[in-house]
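So the structure is just underneath, and the comments pick up after that.
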Amino acid sequence: MEKAINRQQILLQHLNPSLSSSSSSEQNYSPALSASACLAGDSAAYQRTNLFGDDVVIVAAYRTALCKSKRGGFKDTYPDDLLAPVLRALIEKTNLNPSEVGDIVVGTVLAPGSQRASECRMAAFYAGFPETVPVRTVNRQCSSGLQAVADVAAAIKAGFYDIGIGAGLESMTTNPMAWDGSVNPRVKQMEQAQNCLLPMGVTSENVAHRFGVTRQEQDQAAVESHRKAAAATASGKFKDEIIPVNTKIVDPKTGDEKPVTVSVDDGIRPTASVSDLAKLKPVFKKDGTTTAGNSSQVSDGAGAVLLMKRSVAMQKGLPILGVFRTFSAVGVDPAIMGIGPAVAIPAAVKAAGLKLDDIDLFEINEAFASQFVYCRKKLELDPVKINVNGGAMAIGHPLGATGARCVATLLHEMKRRGKDCRFGVISMCIGTGMGAAAVFERGDCTDELCNARKIETNNLLSKDSR
């Protein structure tokens, strides 16, 4: 900074016509225009929020196929054998030296904490990472995979390391949803605390009842999800993001093992229809509207996202798939936890300096059709921008992995769409009453001025010259 000011002093001396060349005049020089630090404040047309090279970017994002819990392609696959292939793919497909990774953060929900942490560490070793690369887990319920990505982005931004991996893992076959131990009786003294224990399906019924989301609307949303997911699968769209997993299927009757390679989501029903879904009975309330057909599928799967500073990616010559812009987590009423995205999305978009109309694609987790339809209507989003390749009602919702899966799906779709798709949002509701959302920018549409914020005034003069 001192050198910059000195340069300005020299320049101003040349520009001042009344300046004497004597040494005494130089010593007593006090020009009308004083040197000021060349910071892009109100003296420039743009104000930067961060340096271009310090952007946190995504250079690779992959997932496994998502399979039906207890009866799908991963029913006999250990959780660490789900995570290892996507971690390995990140380093194999980018030729990254695995020892350069500063941390691996894995979102995961249902497994006991210390056991799952050990399984994730084991998976990193299977994938080829050295013992010097640390691993940890994070749990914010259904947003855990996205939270892992956000945590890594924040750590890179803070300068803790330059390269990190945000991942997600869930085997709902191995770890079904259940409460371990007794419940504190104190919970009965506070309604909000008690509502944290509501079954998720009951909160779905609450959203449908309170906000008037009909059974017809919910079933139609489910059919659309399956239709779009089936079309994406048939056209090969998911091949860019899915890493095939070599595993086994065990015959429950004979115990015979059959080697298989799983590379396709197995819960998608291309022939789903509103008339068929209308035949299903409500699950959580006798006269309710939430059924197995208009809820997310219970699934097994994993995903992983490789993040780094833009300057590092450029030095390595790696293609930039996307730019991590903002993340927001919010709290809402636990009894209607499904409304979370309707609160989180505006918060994240505003933090990015954008408006909802600026967003070209949305990946909103379809935990239940009731909350998905509510959020879409509440935010007045264009349906053609949302879950263009289907969502959790068709593809599945392995709780801890969903956020990472959505990052892979969103960024690969944005890449396919090119210049017509610049900004994308991922969001989901969270059990016990929260919502999370993140904003991403397509990787190849930024330059050094895209981080700049335009100054509202047209007066571009330095305040020193006013």
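The values are calculated or read from the model by the stated rules, or taken from the named source; none is laboratory data. Being a predicted model, the structure only gives us computed values, none of them experimental. Note that we place each Cβ from the backbone using ideal geometry, even for glycine, and neighbour counts take in every protein chain shown. Accessible surface is based on the protein model in full, side chains and every heavy atom, while ligands, DNA and RNA are left aside. Shrake-Rupley method; radii C 1.70, N 1.55, O 1.52, S 1.80 Å.
For this structure, a couple of remarks:
- As a fraction of the 1.4 Å probe accessible area of the range 285-398, surface on carbon and sulfur atoms comes out at 53 percent.
- Here the extension length gained between K279 and R136 equals 47.0 nm, from 0.36 nm per residue of separation less the Cα-Cα distance.
- Two-site FRET efficiency, A178 against F52, from Cβ-Cβ distance with R₀ of 56 Å, rounded to 0.05: 0.70
- Trypsin sites (Lys or Arg not before Pro) within the range 323-362: DSSP coil, no more than 12 neighbouring Cβ in 10 Å: K355
- Set K253/K285; K350/K378; K237/K419; K157/K237; K258/K281; K75/K253 screened for pairs whose C-alpha atoms are more than 26 Å apart: K253/K285; K157/K237; K258/K281
- On a per residue basis, the range 359-422 carries 28 Å² of accessible surface, using protein heavy atoms and a 1.4 Å probe.
- With K and R counted +1 and D and E -1, the other residues having a Cβ less than 11 Å from that of P79 yield a net charge of -4.
- Net +/- balance of residues flanking A335 in space, Cβ distance below 11 Å, scoring K and R +1, D and E -1: -2
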